[in-house]
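K.L.:
My questions will all concern the structure given below.
The values are calculated or read from the model by the stated rules, or taken from the named source; none is laboratory data. Fair warning: this is a prediction, and the values are worked out from it, not measured in the lab. Glycine also receives a Cβ, built like all others from the backbone with ideal geometry; neighbour counts cover every protein chain displayed.
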């Protein structure tokens, strides 16, 4: 019954999103990670992201991340990372250098529940100062197939700007709510696809709420 209700909710959300006047988007991500040695508590990760607007017609943002994280306990880890991004907005081209510090905690309870806190220092072209932002994400997954190959995924992430710059005032930045499914492809890879609702009060009126089809491929080496 839980599985049926999940798919009904997911199926109803996507058509409803498409009928609104807001802008549809597609976000695609590839994430690869591995251990720095067979018994090492350190992990490395690299991520590539492409985001579009006008459906999939126009590239909006592209970025690449590298990070290193250390397991603190069996349930928690902390790490640092760097990202370079390029934005292609209607008003021009933007470059961004981003430094990230993060802490993660997880627990396995009839699935998996996790929390992630990130602090970002962002250097955006055309800005008069460094942007500082805090991100807090909650994520839950649980199996919906007896063989463990299929799972439901729900996550929400809140973004808060810590300081003000010439182009952005401090305060609430955006919220991302995701509902989808994940499928195990091989013993070391899987995909997640679903609907994401993004609300950004500082964006132009037509893109403040955005309806996104989000897809992620994750590979463990």
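K.L.:
Determine whether residue 126 is out of contact with any helix residue (DSSP H, G or I) (no Cβ under 8 Å at 6 or more places or on another chain), outside any strand (DSSP E or B) and closer than 25 Å to residue 179 by Cα.
P.N.:
Judged against the criteria, residue 126 is not a match.
K.L.:
Return a yes/no flag: does segment 177-186 have any residue that is under 16 Å from the mean Cα position of the chain (by Cα), without any contact (Cβ under 8 Å) to a residue 60 or more places away in the chain and closer than 21 Å to residue 54 by Cα.
P.N.:
Looking for residues that are under 16 Å from the mean Cα position of the chain (by Cα), without any contact (Cβ under 8 Å) to a residue 60 or more places away in the chain and closer than 21 Å to residue 54 by Cα, one finds at least one in segment 177-186, hence yes.
K.L.:
Name every residue in segment 137-156 that is part of a strand (DSSP E or B) and in contact (Cβ under 8 Å) with a residue 24 or more places away in the chain, in order of residue number.
P.N.:
Listed by number, the residues that qualify are 138, 139, 140, 141, 142, 143, 150, 151, 152, 153, 154.
K.L.:
Sticking with this one: Just one of 17, 63 is at pLDDT below 95, surrounded by 14 or more Cβ atoms within 10 Å (Cβ to Cβ) and closer than 23 Å to residue 191 by Cα; which is it?
P.N.:
The unique qualifying residue is 17.
K.L.:
Right, next: Of all residues in segment 100-150, how many are farther than 30 Å from residue 87 by Cα, exposed (fewer than 14 other Cβ atoms within 10 Å of the Cβ) and at pLDDT 95 or above?
P.N.:
Going through segment 100-150 one residue at a time, the tally reaches 1.
K.L.:
Moving on. Which of the strands (runs of 3 or more DSSP E) contained wholly in segment 21-96 include at least 1 residues that are more than 18 Å from the chain's Cα centre (by Cα), free of Cβ contacts under 8 Å to residues at least 12 places away in the same chain and over 19 Å from residue 119 (Cβ atoms)?
P.N.:
24-35, 58-73
K.L.:
From the list 160, 191, exactly one residue is touching a residue at least 24 places away in the same chain (Cβ under 8 Å), assigned to a strand (DSSP E or B) and under 23 Å from residue 118 (Cα atoms). Which is it?
P.N.:
Step by step, each of 160, 191 is checked, and only 160 is touching a residue at least 24 places away in the same chain (Cβ under 8 Å), assigned to a strand (DSSP E or B) and under 23 Å from residue 118 (Cα atoms).
K.L.:
Test each condition in (1) more than 15 Å from residue 96 (Cβ to Cβ); (2) assigned to a strand (DSSP E or B) for residue 169 and report the one that comes out false.
P.N.:
(2)
K.L.:
Still on this structure, I have one more. Quick check on my filter: what residues within segment 173-202 are under 14 Å from residue 148 (Cα atoms) and surrounded by fewer than 17 Cβ atoms within 10 Å (Cβ to Cβ)?
P.N.:
Hits for segment 173-202 are 183, 184, 185, 186, 187, 188, 189, 191.
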